[in-house]
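Here, each number is a calculation from the coordinates, and none is a lab measurement. These figures come from a predicted structure and were not determined experimentally. Note: ideal-geometry Cβ built from the backbone for every residue, glycine included; neighbour counts use all protein chains shown.
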Amino acid sequence: MKRQTHLLTDGIFDVLVVGGGAFGAAAARDAAMRGLRTALIERADFGSGASAECFKMIHGGIRYIQHGDVRRLRASAAERSAMLRIAPHLVHPLPIVIPTYGQGRRGKPLLAAGLCVYDLFTTDRNSGIRDPARRISPTRLLGREEVLTQFPGIESHNLTGGAVFEDGQMYNPPRLVLAFVESAVEAGAVAANHVEATEFLRRDGAVRGVVARDCLEGSRFEIQARVVLNAAGPWSDDLLRTAGRISGWRRGHYSRDAYFVVNRAARSRYGLAVQSQSRDRDALLSRSARHLFVVPWRDLTLVGVWHRTFTAPPDEARVDERELETWLAEMRDAYPALSLRRDDISHVNCGLVPFGDGPSTAGDLSFGKESRFIDHRVVHGIRGLVTVIGIRYTTARADASTALDMLLQQLPGGVPERAPTAHRPVAGGDIDDFERFSAEAQHHRPPYVSSATLAALLRNHGCNYGRVLACVRADAADARPIPGCEALLAEVTHAVSQEMAVHLDDIILRRMDIGAGRHPGNAAIEIIAARMQQLLGWSDARRREEAASTRAMLARHWANGVEVAAAAA
C-alpha cells in the first residue's frame with residue numbers, strides 16, 4: 001500500500017471519500033468492493049482522530065433496552081457480530097459485570113428481566129462467526145460471592161450479586177482503520193493520507209470533486225469525482241462551511257467523550273460497570289445513574305466514558321487537570337477499592353461525536369443516538385454530495401453503506417448492489433481460529449522474535465504478519481528489537497514502505513503498539529526516528545523536528561503535571 005498522490009489526478013473517480021477515520025475508510029472499502037473507481041483522502045493520518053481516541057469498545061446495544069429501542073439494539077448487535085467476523089485478530093469479546101443491589105431499580109430481578117429481553121432479541125449474535133473464541137456468550141447471573149471474588153473491594157452493603165454480558169473490545173482501533181484502508185486499496189481504491197480537501201469543485205450545481213493540498217509538499221491539485229462523500233467527522237461542518245461555501249451552515253451538537261488509561265493491569269478478566277453521577281434523561285427505564293466502565297485492556301486498565309457538550313472548534317478538544325481531578329474523585333467515590341491516584345494515569349483520550357438534539361446540563365445528558373446523514377440535494381439543492389458524521393465506531397461499516405446508498409442514487413444506472421462487507425474479512429482477518437493460528441505461528445517463531453513481540457504482530461497484522469518479518473530477510477538490521485518495548489525495527493520499515501507512514505507519530509501512535517497507553521521512552525523515539533531518517537532521507541534537522549513534534553504530541557496525552565489533551569474526532 002503506497003502513498004501515490006499522482007494517481008489522484010488520473011481521470012475521474014466514481015466516488016471520492018473525504019476523511020480517513022473508521023467511517024471514511026469503511027466507505028472506501030465498500031465502494032471499491034462494489035466495483036466503483038474510488039479515492040480516499042485524509043488531511044492527517046488514517047485513524048488519527050476519534051477512531052484512535054475511542055474507548056476501544058464494539059457495543060452490542062444492551063443500553064438500548066432502557067430506551068425501548070429494539071431497532072438500534074438489533075443494529076448494534078449485528079455490527080458487533082460483523083466486526084468479530086471480519087477482524088478476528090483485532091476484535092474479541094469482553095465480559096462485563098453489572099453488580100446488583102437490593103430489590104429495586106438496581107436489583108437483580110429487574111436486571112435479569114432486561115437481560116432476558118436482550119438475549120431474546122440477539123439470538124443470532126454469533127451468526128457466521130467462525131472463530132469459537134470470538135462468539136458472544138449469553139448473558140448470565142452471578143451470586144454475591146462470585147462478584148466479590150472477581151472484585152474484592154466492591155461496595156458490599158446490600159450486594160446481591162451481578163449479571164454478566166459480553167461486548168466487543170478492539171485490540172488496536174487505528175490498526176482496524178488501517179485494515180479497512182488496506183482492504184479498499186486491495187479492491188482497487190486509491191488512498192492517500194496527509195492530503196486535505198480545501199475546496200469543492202462545483203459544476204452545474206453539483207459537487208464534482210475537490211481541490212486538494214498535499215500537506216507534505218504543499219502542492220495543490222484537483223481530484224475529480226462523480227460524487228463526493230464527506231466523512232470528516234466533526235470537521236465535516238467546517239468543510240461544508242469553507243470548502244463547500246454553504247452559507248448559513250450551522251454546526252451540530254457534539255459531545256467530547258473522554259476516558260483515561262490506568263497504568264496497572266486489571267485484577268479480573270471481567271470489566272466492571274459502576275454507577276456514575278450522570279443520568280441518561282432519554283431512558284424509559286433507568287437503573288439510576290449512567291454507568292462508567294473499568295475494563296482490562298492489554299496489561300492496562302481503561303476507565304470511562306465521561307461526556308461533555310463541546311461547542312469550540314474540534315482542534316481545541318482537550319481535557320484539563322481540573323476535570324481529570326474531578327473524574328478521579330468520582331471514581332474514588334464509585335469504586336474506592338481502585339484507589340486511583342493522579343500518578344496512576346498514563347494516558348488521557350478524548351474525541352468528538354454527535355450529541356443529542358439539544359443542549360444538556362451537567363448530570364442530565366441527552367446522549368447521541370445515531371449518526372447524522374445529510375443529503376445536500378434535499379437540504380441545500382447541491383447534487384453529488386452527502387455528509388455522514390458517525391456516532392460510534394461500532395456502526396462504521398453499516399453507516400458507511402447507508403451513506404453510500406444515499407450518494408450513489410445520483411449515479412447513472414442506480415445504486416450498485418451492496419458488497420459483502422459484513423462477511424468478507426478485512427486485510428489480515430482471514431483467520432478461522434485465532435488461538436490455533438497464534439499457536440502455530442508461535443511454534444514456527446524465528447529466533448530473533450520474542451514470544452511477546454510475535455503476539456503483538458499477530459494481533460496487529462493478523463495473517464499478514466509475515467510481511468513484516470520479510471523485512472528482516474531484506475535487511476538483517478531490521479531484526480533488532482526496539483529498546484524498552486516488544487517491537488522490531490522491521491515494523492518501522494514495513495510501516496514506511498507499505499503503510500504510508502510519513503511522520504514519526506504515524507508509527508509511534510498508530511502503526512505500532514508502543515504509544516498506546518504508555519510513553520514509549522525517549523530511547524525508542526530516537527531509534528525509530530533514526531530508522532525513518534534512513535528510509536525517507538531525512539536531514540538531521542528533520543529527524544530532530546519529528547522527534548520533538550512526537551514528544552509534544554505524547555505530552556498532550558500523558559500525565560505530566562500540565563494540561564492533558566487529545567485529538568478530536
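For segment 434-538, the relative contact order comes to 21 percent (Cα pairs under 8 Å, sequence separation of at least 6).
Projecting the Cα atoms of 192, 62, 24 onto the charge dipole of the chain, computed from C-beta unit charges around the Cα centre, puts 62 farthest toward the positive end. Just add up the charged neighbours of residue 116: K/R +1, D/E -1, any other residue whose Cβ is under 13 Å from the Cβ of residue 116. The answer is +1. Taking GluC sites (Glu not before Pro) in DSSP loop states with no more than 10 other Cβ atoms inside 10 Å as exposed sites, the chain has its longest site-free stretch at 1-216. The phi torsions of segment 49-54, fed into the Karplus equation with coefficients 6.51, -1.76 and 1.60 and a -60° offset, translate into couplings of x, 5, 4, 7, 8, 6 Hz, rounded to whole numbers, with Gly and Pro shown as x. Put a dot 7 Å past each Cα toward the Cβ at residue 221 and residue 155; how far apart are the dots in nm? In this crude spin-label approximation the distance works out to 6.0 nm. Spin-label model, residue 539 to residue 1: label points 7 Å out along the Cα-to-beta-carbon direction sit 3.2 nm apart.
Counting charges near residue 344 (Lys, Arg +1; Asp, Glu -1) among other residues having Cβ under 13 Å from its Cβ returns a value of +3. Each of 497, 137, 183 was scored by other Cβ atoms within 10 Å of its Cβ. Listed from fewest to most, they are 137, 497, 183. Structural descriptor for the chain: relative contact order 20 percent, calculated from alpha carbon pairs under 8 angstrom and at least 6 residues apart.
Relative to a virtual label point 7 Å from the Cα of residue 470 in the Cα→beta-carbon direction, which members of segment 409-445 show backbone nitrogen distances below 15 Å? Answer for segment 409-445: 428. Hydrodynamic radius of segment 434-538 by the Kirkwood approach over all distinct alpha-carbon pairs: 13.8 Å. Show that you can apply the helix-only estimate: for the chain, add -39,500 (n - 2.57) for every DSSP H stretch of four or more residues, divide by all residues, and state [θ] at 222 nm to the nearest 500. Result for the chain, helices only: -10000 deg cm²/dmol. What you get for the chain, charging only the Cβ of Lys and Arg (+1) and of Asp and Glu (-1), is a dipole of about 840 debye around the Cα centre.
With a Förster radius of 41 Å applied to the C-beta separation of residue 438 and residue 551, the computed FRET efficiency comes to 0.75.
Local charge for residue 265 was computed over the other residues whose Cβ lies under 14 Å away, with Lys and Arg +1 and Asp and Glu -1, and equals +3. Close amide H pairs (under 5 Å, H built 1.01 Å from N) link residue 297 with 266, 302, residues at least 5 positions away or on another chain. Projecting the Cα positions of 229, 483, 442 onto the charge dipole of the chain (unit charges on Cβ atoms of Lys, Arg, Asp and Glu, taken about the Cα centre) puts 229 furthest along the positive direction. The H on the amide N of residue 271, modeled in the peptide plane, is under 5 Å from the matching H of 96, 97, each at least 5 residues off or on a different chain.
Rounded to the nearest 20 debye, the dipole magnitude of segment 434-538 is 140 debye, with +1 charges on Lys and Arg beta carbons, -1 on Asp and Glu beta carbons, and the Cα centre as origin. The order of 216, 457, 489, going from fewest to most other C-beta atoms within 10 Å of their C-beta, is 216, 489, 457.
When DSSP beta bridges are restricted to pairs lying wholly in the chain, around 75% turn out antiparallel. When the alpha carbon coordinates of the chain are projected onto the principal axes, the ranges are 68, 59, 47 Å, largest first.
Neighbour counts of other Cβ atoms within 10 Å put 246, 389, 482 in the fewest-to-most order 246, 482, 389.
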